[in-house]
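Since the structure comes first, as structure tokens, the remarks are kept for the end.
The values are calculated or read from the model by the stated rules, or taken from the named source; none is laboratory data. Small disclaimer: the values here were computed from a predicted structure and weren't measured. Please note: Cβ atoms are built from the backbone with ideal geometry, for glycine as well, and neighbour counts cover all protein chains shown. Just so you know, the surface numbers come from the protein's heavy atoms only, side chains and all, with ligands and any DNA or RNA stripped out. Shrake-Rupley method; radii C 1.70, N 1.55, O 1.52, S 1.80 Å.
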Amino acid sequence: EAGVTQFPSHSVIEKGQTVTLRCDPISGHDNLYWYRRVMGKEIKFLLHFVKESKQDESGMPNNRFLAERTGGTYSTLKVQPAELEDSGVYFCASSPSRARTYEQYFGPGTRLTVT
Amino acid sequence: GNSVTQMEGPVTLSEEAFLTINCTYTATGYPSLFWYVQYPGEGLQLLLKATKADDKGSNKGFEATYRKETTSFHLEKGSVQVSDSAVYFCALYNNNDMRFGAGTRLTVKP
């Protein structure tokens, strides 16, 4: 069974540009989470999808970030326009519908560098 | 609120050395506590967990004991191997809130 995959693994963009990160969860997992780790600091929750619906988006830093999960399968996280402070590693995780919150399967992350 | 503070890295040890990575937490009520590990190029994996005070989580030779009196969940291993080189994250779950520490990078040299 394939794990959680994320694309790209690394993205370097200039300030003001747009970047879209993609996450493919494990097949059949209804829950999908996005997290961010900035500059070696703690991993912070961004948002949680249940199927295609946003269950909790309290961690989204501002309206430059837009997450979607059309059809309840893969998800995208768009940053537009990107700022220097958006640099970091963006993790995606998924879990089955009845899993405990900590029973998440994480992807390897996308390292975003904004110059 | 809920928060996790863990020992800053990086930590470099020789093979077979003893490992301790400190983790303390702040939370109301009774959180569950975890250690996750991220090996190079991979996603985070749950290493061990403890759901109530005095529980000891263990896996792959790693141990951590949930100490409510000191609000701590320190990770230990008696004899590290080169393959243990990774980033270790302490985390807690409380009231529908998942919090991670900043991570500690461990490098084990042969």
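Each row is one residue, and each column tells you yes or no for (1) over 21 Å from B:T104 (Cα atoms); (2) within 14 Å of chain B (Cβ to nearest Cβ); (3) open to solvent by 70 Å² or more (accessible area, probe 1.4 Å).
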{"position": "A:Q6", "(1), (2), (3)": "yes, yes, no"}
{"position": "A:E52", "(1), (2), (3)": "yes, no, yes"}
{"position": "A:P61", "(1), (2), (3)": "yes, no, no"}
{"position": "A:G88", "(1), (2), (3)": "no, yes, no"}
Handout entry: In region B:41-56, residue farthest from the other protein chains (Cβ to nearest Cβ) [restricted to those that are at pLDDT 90 or above and farther than 17 Å from A:Q104 by Cβ]
Key = B:D54
Completion exercise
Residues in region B:65-107 that are in contact (Cβ under 8 Å) with a residue 60 or more places away in the chain, within 14 Å of another protein chain (Cβ to nearest Cβ), of a type outside the set (A, V, I, L, M) and open to solvent by less than 60 Å² (accessible area, probe 1.4 Å) total 10
Handout entry: Count of region A:92-115 residues which are farther than 12 Å from A:P25 by Cβ and among the aromatic types (F, W, Y)
Key = 1
Handout entry: Test for A:V12: is it closer than 23 Å to B:W35 by Cα and either within 11 Å of another protein chain (Cβ to nearest Cβ) or surrounded by fewer than 17 Cβ atoms within 10 Å (Cβ to Cβ) (or both)
Key = no
Handout entry: Subset of region A:5-57 [β-branched (V, I, T) and closer than 22 Å to A:T113 by Cβ]
Key = A:T5, A:V12, A:I13, A:T18, A:V19, A:T20, A:V38, A:I43
Exercise for the section: Name the strands (runs of 3 or more DSSP E) wholly inside region B:4-97 in which the number of residues that are more than 16 Å from A:E103 (Cα to Cα) and over 13 Å from the mean Cα position of the chain (by Cα) is 2 or more. Expected result: B:11-14
Handout entry: Selection within region A:63-78 - in a loop (DSSP other than H, G, I, E, B), open to solvent by less than 80 Å² (accessible area, probe 1.4 Å) and in contact with a Pro (Cβ under 8 Å, 6 or more places away or on another chain)
Key = A:R64, A:T73
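Within the bounds of region B:35-42, is there any residue that is in contact with a Leu (Cβ under 6 Å, 6 or more places away or on another chain) and free of Cβ contacts under 8 Å to residues at least 40 places away in the same chain?
No, that holds for no residue.
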Practice task
Kindly check whether there is at least one residue in region A:65-83 that is among the β-branched types (V, I, T) and at pLDDT 95 or above.
Solution key: yes
Problem - region A:1-45, residues that are outside any loop (DSSP other than H, G, I, E, B) and among the β-branched types (V, I, T) - result: A:T5, A:V12, A:I13, A:V19, A:T20, A:I43
Handout entry: Count - residues of region A:90-115 that are free of Cβ contacts under 8 Å to residues at least 24 places away in the same chain, within 14 Å of another protein chain (Cβ to nearest Cβ) and of a type outside the set (S, T, Y)
Key = 2
